[in-house]
Structures are given as structure tokens and as C-alpha cells.
Amino acid sequence: MNSNPLPYSFYKQDTIHLAKALIGTHLMHTVAGEIVVGRIIETEAYLGVLDKACHSYSNKQTKRTAILFGPPGRVYTYTMHTHCLLNIVAGKEDQPEAVLIRGVKPVFGFEKMEALRGMKATSTTFSNGPGKLTKALGITMNHYGHFLCEDPLIICEGSEPTRIEVTNRIGIGKADQAKHYPWRFIEKEI
DNA sequence: GACATGATTGCA
DNA sequence: GCAATCATGTCT
């Protein structure tokens with residue numbers, strides 16, 4: 001397995017392209033000396049200023065979203081209800097865009113992941129949601145602002161996706177037209 | 001389809 | 001301070 005982190009330049013591409021390019025890559029986390037790896041299979045792009053569903057809509061900057069206004073390639077974690085959601089900051093500085101990781105497939109470190117998640121990794125509901133995958137991979141608010149080219153949490157090259165499907169985003173309550181934007185990418189099951 | 005559950009936010 | 005909000009998960 002290739003464990004070289006993707007270069008910083010990878011994160012400089014257009015946010016929507018980045019969301020698509022992240023499909024099939026490997027999210028690798030070293031937690032308590034053990035390595036767990038998930039293959040990213042579902043992402044969503046959030047385009048800051050234009051996007052009513054984004055936390056940084058119309059350049060709204062708060063303590064929570066501050067990291068979005070910095071350089072890309074960083075982790076934006078955010079607590080939703082009782083869960084922690086994982087985003088990757090995209091866009092240039094002062095361009096508050098991000099990609100939400102919505103789903104992964106277990107690749108390596110099954111025992112550790114099962115212990116973290118408290119469920120069998122073979123279950124179809126194991127890591128097919130933004131709150132589930134952070135739990136399975138041991139990602140917490142401690143990773144807020146972490147740079148993804150450095151240990152213990154990195155993204156490295158995975159395998160080519162078979163087929164990418166583009167749909168509108170889901171789980172957004174009130175965001176008017178923004179919820180219809182086709183900014184969700186999923187790898188279709190073989 | 002209901003509700004549990006916690007951090008953030010905006011306003012008093 | 002406090003109440004409304006929420007990019008969810010799990011149960012029925």
C-alpha cells in the first residue's frame with residue numbers, strides 16, 4: 001500500500017474537482033500506534049460565498065469557520081449533534097471552500113476500527129455516513145486545523161474509482177436553491 | 001418518521 | 001446567559 005501523502009499542490013485545484021479527485025483516495029490515520037485506512041467513496045463540495053448551505057456563506061466568518069479562510073489541505077472538523085464531521089479545506093486563502101467527506105470503505109486496520117466504532121466492519125452501515133466514518137477512523141475535534149500532508153492523519157493515493165456518480169447534496173435542511181446544486185460525488189458500487 | 005444529544009451562534 | 005439551530009445516527 002502506498003503511504004506517501006498527496007502533495008500540497010493537490011489541494012490547490014478547484015474545489016469541485018478536488019471533491020471528485022478525492023474519491024478513491026485513502027484516508028490514513030495512525031491512532032494509538034495502530035494504522036487505520038479508509039477509502040473515500042463519497043464527498044460533497046461546499047463553495048463558501050456562493051453556497052447558502054455552507055457555514056461560510058457570504059463570507060461569514062466565525063470562530064468555528066476560521067480555518068476555512070486559511071490555505072487548503074487542512075482539516076475542518078465540526079461537531080454535529082453528538083458526532084464529529086470531517087471536512088477538507090479547499091480554495092485559496094480568503095476563499096472559504098471545503099469538501100465534506102461523507103463516506104469511506106474500510107481498507108486496513110479492521111480490528112481497531114471495529115473497536116472504535118463498536119460494530120462489525122462488514123456491516124453495510126459501518127462507515128457510510130459522515131458521523132460514522134469519523135468514529136470508525138478515530139477522528140475527533142483534536143484534528144481541527146491539522147495539515148493533511150503530515151502524520152498522524154494523511155490522505156494518500158488510493159485506487160482509481162470505478163464509476164463516479166454526481167447528485168445533489170443531501171441532509172441539508174433549509175438552503176433554498178443551494179440544496180439542488182450537483183456537488184455530491186459518490187463512487188457507485190460495482 | 002421520531003427523538004436523542006452537544007456545540008455553536010446570535011441575541012438579550 | 002440562554003434558546004434556536006444543525007452538513008446525524010439509531011431506533012420503531
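Quick rundown of the values:
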| item | result |
| --- | --- |
| Exclusive hit being free of Cβ contacts under 8 Å to residues at least 24 places away in the same chain, of a type outside the set (Phe, Trp, Tyr) and at negative phi, set A:Lys52, A:Lys92, A:Lys60 | A:Lys60 |
| Criterion violated by A:Asp94 - all others in (1) touching a helix residue (DSSP H, G or I) at 6+ places or on another chain (Cβ under 7 Å); (2) charged (D, E, K, R); (3) within 11 Å of DNA strand C (Cβ to nearest atom) satisfied | (3) |
| Test result for A:Asn59, at pLDDT 95 or above and within 16 Å of DNA strand B (Cβ to nearest atom) | no |
| Selection count, the stretch A:61-89, where residues are more than 10 Å from DNA strand C (Cβ to nearest atom) and loosely packed, with under 13 Cβ neighbours inside 10 Å | 2 |
| Given (1) among the small types (Gly, Ala, Ser); (2) closer than 14 Å to A:Ile139 by Cα; (3) within 14 Å of DNA strand C (Cβ to nearest atom), index of the condition A:Ala32 fails | (3) |
| Filter result for the condition that a residue is touching a Cys at 6+ places or on another chain (Cβ under 9 Å), of a type outside the set (S, T, N, Q) and either within 19 Å of A:Thr167 (Cα to Cα) or without any contact (Cβ under 8 Å) to a residue 24 or more places away in the chain (or both), over A:Leu47, A:Leu6 | A:Leu47 |
| Verdict on A:Ile67 being among the β-branched types (Val, Ile, Thr), closer than 18 Å to A:Glu157 by Cβ, out of contact with any helix residue (DSSP H, G or I) (no Cβ under 6 Å at 6 or more places or on another chain) and modelled with pLDDT of 95 or more | no |
| A:Leu27 being at pLDDT 95 or above, surrounded by 18 or more Cβ atoms within 10 Å (Cβ to Cβ) and either within 16 Å of DNA strand B (Cβ to nearest atom) or outside any strand (DSSP E or B) (or both) | no |
| The stretch A:73-85 residues that are among the basic types (Lys, Arg), paired with ones that are more than 9 Å from DNA strand C (Cβ to nearest atom) (beta carbon under 8 Å, 6 or more apart) | A:Arg74/A:Ile67; A:Arg74/A:Ile88; A:Arg74/A:Val89; A:Arg74/A:Gly145; A:Arg74/A:His146; A:Arg74/A:Phe147; A:Arg74/A:Leu148 |
| Residue in the stretch A:120-128 that is of a type outside the set (A, V, I, L, M), in contact (Cβ under 8 Å) with a residue 24 or more places away in the chain and at negative phi present | yes |
| Complete set of residues in the stretch A:62-105 that are among the small types (Gly, Ala, Ser) and within 16 Å of DNA strand B (Cβ to nearest atom) | A:Ala66, A:Gly70, A:Ala98 |
| Counted residues, the stretch A:100-119 - those being in contact (Cβ under 8 Å) with a residue 40 or more places away in the chain, within 9 Å of DNA strand C (Cβ to nearest atom) and of a type outside the set (Val, Ile, Thr) | 3 |
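The values are calculated or read from the model by the stated rules, or taken from the named source; none is laboratory data. None of these values were measured; they are calculated from a predicted model. In this analysis, Cβ positions are derived from the backbone assuming ideal geometry, glycine residues included, and neighbour counts consider all displayed protein chains.
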